[in-house]
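Below is one structure, written out as structure tokens; comments come after it.
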């Protein structure tokens, strides 16, 4: 117990009372007889023994700090190693597609997205870490120029764009999963979830999926003409992205 009290207070004890080692007049040690001082193993004598103890304590503290540093160093370097293992997926647009199926009372059609930007980050374990898909509606071709023009007017004119940003992706070992994220259309943002499939062979990633969205969710009106022509507000989006991971490009100076 005496040793425990010494460890807690940082001061030697005599008879259960702390003995001050700081300046400021005579203390309890000063008032003890010489024989008691020599007989007490708890009172450190002055001189070289005390200095040796202080040097030993400083050495132990240095060793402890070095041990802690060795333990923390791998944890500090782990995020850097994980970052180095991540790659950007270079999409092969010749083997990829994004299509939109639209139903109408007359002349249903499929729109094909001719140009887009897909920023997909994958790791060495084959997992998709993040994904952002952006496009311009001017690049969504329906097969008829007049219909393409009407689509832009329906969206409010100008140069409307779309964006999908992945939030969460849950995958099973067989490559089936569910993705959720934010879809921006017509200046509105809504949550969209849909199933996806991911496969990897010979270093080539293939991501496929489809979902049906209701355009009224983004504040777009139903297209009607001549009381008999109507475009279904629910459209199906289908996609297939094929690509290989590459090193991220260094920023230009």
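Residue under question is residue 188, and the condition is that it be out of contact with any helix residue (DSSP H, G or I) (no Cβ under 8 Å at 6 or more places or on another chain) and loosely packed, with under 13 Cβ neighbours inside 10 Å; does it hold? Criteria not met by residue 188.
Just a yes or no: is a residue in segment 102-120 assigned to a loop (DSSP other than H, G, I, E, B), in the same structural domain as residue 177 (by TED's automatic domain parsing), at pLDDT below 95 and touching a helix residue (DSSP H, G or I) at 6+ places or on another chain (Cβ under 7 Å)? No: zero hits. Checked against the criteria, residue 213 does not count as out of contact with any strand residue (DSSP E or B) (no Cβ under 7 Å at 6 or more places or on another chain) and at pLDDT 95 or above. Check segment 155-175 and report whether any residue there is within 15 Å of residue 220 (Cα to Cα), part of a loop (DSSP other than H, G, I, E, B) and touching a helix residue (DSSP H, G or I) at 6+ places or on another chain (Cβ under 9 Å). Yes, segment 155-175 contains a residue that is within 15 Å of residue 220 (Cα to Cα), part of a loop (DSSP other than H, G, I, E, B) and touching a helix residue (DSSP H, G or I) at 6+ places or on another chain (Cβ under 9 Å). No other residue among 201, 226, 170 is out of contact with any strand residue (DSSP E or B) (no Cβ under 6 Å at 6 or more places or on another chain) and either within 21 Å of residue 125 (Cα to Cα) or surrounded by 12 or more Cβ atoms within 10 Å (Cβ to Cβ) (or both) apart from 201.
From the list 116, 164, which residue is closer than 15 Å to residue 235 by Cβ and touching a residue at least 12 places away in the same chain (Cβ under 8 Å)? I'd like the intermediate steps shown before the answer.
On the way: 116 fails: closer than 15 Å to residue 235 by Cβ.
The unique qualifying residue is 164.
Residue check: is residue 195 at pLDDT 95 or above, within 24 Å of residue 240 (Cα to Cα) and touching a strand residue (DSSP E or B) at 6+ places or on another chain (Cβ under 6 Å)?
Numbers: at pLDDT 95 or above: yes; within 24 Å of residue 240 (Cα to Cα): yes; touching a strand residue (DSSP E or B) at 6+ places or on another chain (Cβ under 6 Å): yes.
Yes, satisfied.
Taking the criterion of being farther than 17 Å from residue 240 by Cα, assigned by TED's automatic domain parsing to the domain that holds residue 206, crowded, with 16+ Cβ neighbours inside 10 Å and within 21 Å of the chain's Cα centre (by Cα), would at least one residue in segment 130-147 satisfy it? Scanning segment 130-147 turns up no residue that is farther than 17 Å from residue 240 by Cα, assigned by TED's automatic domain parsing to the domain that holds residue 206, crowded, with 16+ Cβ neighbours inside 10 Å and within 21 Å of the chain's Cα centre (by Cα). Residues in segment 204-218 include none that are over 24 Å from the mean Cα position of the chain (by Cα), in a loop (DSSP other than H, G, I, E, B) and either without any contact (Cβ under 8 Å) to a residue 60 or more places away in the chain or not assigned by TED's automatic domain parsing to the domain that holds residue 105 (or both).
The values are calculated or read from the model by the stated rules, or taken from the named source; none is laboratory data. Note that this is a predicted model, so its numbers are computed, not measured. Here the Cβ is made from the backbone with ideal geometry for all residues, glycine too, and neighbour counts use every protein chain on show.
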